[in-house]
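Peer 1: The structure under discussion is supplied below as structure tokens; questions concerning it will follow.
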């Protein structure tokens, strides 16, 4: 049965059904509906977590590490400045192999302060070693919330998983969402287990030691290997979840790529807009398509290369900039396509929540657009 | 309250913090840790803020800890403890605890308590988590080489508040972190000192028995940062208490009580003279600064004394 839910509500329902043991919460727009929704589920006895009303996002992630490594399934949520504040601890969560699931309502980083969507917050922690899954819509944000604990807690992975959903565009927009039965989700996620939990005092372990040049490099490499292992786990969990939902879940979504000569590569809700434009252009006889990246970390380079093997022109849309360098998604595609015959061009778009419309996508496919797409040429912006 | 023999017996032959760590000779921190952990009868999980204790006891792949131990970062030990305590409550309610109830003990230095760790500590105290936060206060950032902290006393020479022709050392009074903890209305707050294990052990027992957060502020030395011979650790610390600079007291459910009242308090200068960090204050031209310190200490003692008498 489908319900009309915002993305935030859908994620809160997903969390209710996963029913974690601990949930540190701290408000920040636009993720707040997630923690509010979940808190109400707890208040009504429909979810059973210990809520920790922490005093900052830094403490939210810190408490989450303590709780996850103590032996309790732990989820949280944040956005933008909250992620920036907790970034130090996000790196440590990955290195301590804490399988925390966090919803990220993607929002532009300050400054100037802004509450709307872009992906600069995700990109800030690009190299932290956490898994980042980008949802296209509320339904997928829900599906990822159900899949995330299985990926995070897999013994080959044991890493934080971020379910990224575009601020407002997904978090606050109502869409029909199909929820699984509570019992189905409970069975799907199973029991929480981590190696050597802190509360097993009969087998004391030292978590988070000090590592000098003689060991640090090896420990970092082991952590990176876990992210490599996540490729297979995402595929496996996606496959299993599809049995329940009937909906595909994978690291990439190729959309109308057959005989496409021009393909847009994008993350998040913009992919939905691109699909509409692709459908229009296809109806007009143009050979265009979309490759949506669902898993930005780990980046599915092999699948992307295969999907784009016969494409003449690849157009990357980055909803984050890298001042003085190459925008993050563009850089990934440049690496994947190095040595191939495809031409690659890229646009930075939509920073701070600037909308993108199907007509914009048509313009981008047509070519001749500037690197910063949709930027107003005002004299005030000197 | 425990006799020394009992404290040793409590360990059941397994020292929670073993030898082999690399803390300095004369450092009071392992004394504090062993006294605290030997007093607690329940199993413990230790949360450690970044600092000397963490660095010197867990150089990978070795560990000096025989109890579950976690370190995440410098400023967040109390938040990590909040997570473990909430996990414990959730597991007890929903799935059962693998090894029964566990006491969660945080060890953090003065930097990780007074300064960078204060927000997380304040949040955890306000939320009422059932845990024990032990600050080992050696009055500066010793792990990074003796930099001034909010706990560094007025007049102390540190590498970031150096004494010189235009400076008598730290120009500000130290922060009263114990008072800040008391302001959170938690059930148990106390000041203790590493050199008086009997008093410290008694306070640990009271702290663990309290329902809710407990905060112990334990003055300890740093032979390197304070500038004294390692063997003088007990003497220097006892002098801090006997000159009224570091009163031993506790606040149980808001009620103040002195734990020890020196019969014949010594002058603060008698404590300062034992440490090279104050050597510059003992020059003749610094007499006014010394007088200021003496007056500050006496005023603070009088204020505390009134609270305890009330």
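Read-outs: derived from the displayed coordinates by stated rules, not from any lab. As the structure is a prediction and not an experimental result, all values here were calculated from the model. Methodologically, a virtual Cβ is constructed for each residue, glycine included, from the backbone with ideal geometry; neighbour enumeration extends over all protein chains shown.
Peer 1: Would you mind ranking B:40, B:104 so that the residue whose beta carbon has the fewest other beta carbons within 10 Å leads the list?
Peer 2: Fewest to most other Cβ atoms nearby, the residues stand as B:40, B:104.
Peer 1: Can you list the equivalent-ellipsoid semi-axes of the protein assembly as shown, largest first and in whole Å, using the square root of 5 times each Cα gyration tensor eigenvalue? Mind showing how you got there, number by number?
Peer 2: Values: eigenvalues 585, 151, 93 Å².
Values for the protein assembly as shown, descending: 54, 27, 22 Å.
Peer 1: Right, next: Rounding to the nearest 10 and keeping the result within 0 to 90°, find how far the Cα-based axis of helix B:197-209 lies from the longest principal axis of chain B.
Peer 2: The angle comes out at about 40 degrees.
Peer 1: Under 20 Å from a point placed 7 Å out from the Cα of residue B:231 along the Cα-to-Cβ direction: which residues of region B:270-286 have their backbone N that close?
Peer 2: From region B:270-286, the list is B:273-276.
Peer 1: Taking every pair of distinct Cα atoms and averaging 1/r, then inverting, what Kirkwood hydrodynamic radius in Å comes out for region A:2-245? Numbers along the way, then the final one.
Peer 2: On the way: mean 1/r = 0.0563 Å⁻¹.
It works out to 17.8 Å.
Peer 1: Compute the Cα gyration tensor for region B:1-145, then decide on rounded, prolate or oblate, letting a ≥ b ≥ c be the square roots of its eigenvalues: rounded whenever a/c is under 1.5, prolate when a/b is larger than b/c in the other cases, and oblate in all that remain. Write out the running numbers ahead of the final one.
Peer 2: On the way: a/c = 1.65, a/b = 1.10, b/c = 1.50.
Judged from the Cα gyration tensor, region B:1-145 comes out oblate (a/c at least 1.5, b/c at or above a/b).
Peer 1: What is the angle, in °, between the Cα long axis of helix A:7-18 and the longest principal axis of the Cα atoms in chain A? Nearest 10 is fine, range 0 to 90.
Peer 2: 30 degrees
Peer 1: Whole angstrom only: what separates the Cα centroid of region A:185-220 from the Cα centroid of region A:1-29?
Peer 2: Spelled out, the Cα-based centre of one part sits 26 Å from the other.
Peer 1: For region A:252-366, what does the alpha-carbon gyration tensor say about shape, rounded, prolate or oblate, given a ≥ b ≥ c as the root eigenvalues, a/c under 1.5 as rounded, and a/b over b/c as prolate? All intermediate terms of the calculation are to be shown ahead of the outcome.
Peer 2: Details: a/c = 1.57, a/b = 1.07, b/c = 1.46.
Oblate.
Peer 1: Sticking with this one: Return the whole-Å distance between the Cα centroid of region A:33-73 and the Cα centroid of region B:1-69.
Peer 2: 31 Å
Peer 1: If you don't mind, another one. For a test of the definition: using alpha carbon positions, the gyration tensor, and the 1.5 limit on a/c, classify region A:82-204 as rounded, prolate or oblate. Before the final figure, lay out each step's value.
Peer 2: On the way: a/c = 2.80, a/b = 1.24, b/c = 2.25.
In terms of gyration-tensor shape, oblate.
Peer 1: Which value, to two decimals, describes the C-alpha radius of gyration of chain B once divided by 2.2 N^0.38 Å? Could the numbers behind the result be given before it?
Peer 2: Values: Rg = 19.0 Å, N = 310, 2.2 N^0.38 = 19.5 Å.
Dividing the Cα radius of gyration by 2.2 N^0.38 Å gives 0.98.
Peer 1: With axes computed from alpha carbons, what is the tilt in degrees of helix A:57-70 against the longest principal axis of chain A, rounded to the nearest 10 within 0 to 90?
Peer 2: Between the helix axis and the principal axis of chain A, the angle is about 50 degrees.
Peer 1: Roughly how far apart, in whole Å, are the Cα centres of region B:249-310 and region B:159-183?
Peer 2: Using only Cα atoms, the two centres lie 14 Å from each other.
Peer 1: Also: What does the average come to when, for each residue of peptide B:54-62, you count the partner chain Cβ atoms lying within 10 Å of its Cβ?
Peer 2: Values: counts 3, 3, 1, 3, 6, 6, 11, 6, 3.
Mean shielding by partner chains, rounded to a whole number: 5.
Peer 1: Something else: Got the relative contact order for chain A handy, in percent, Cα pairs under 8 Å and 6 or more residues apart? Don't skip to the answer; put the middle values down first.
Peer 2: Details: 803 pairs, mean separation 62.2, N = 382.
Over chain A, the number comes to 16 percent.
Peer 1: For the ranges A:6-19, A:217-230, what's the packing order if you count other beta-carbon atoms within 10 Å of each residue, average per peptide, and put the highest first? Before the final figure, lay out the partial values.
Peer 2: On the way: A:6-19: 26.2, A:217-230: 14.3.
Most protected by this proxy first, the peptides run A:6-19, A:217-230.
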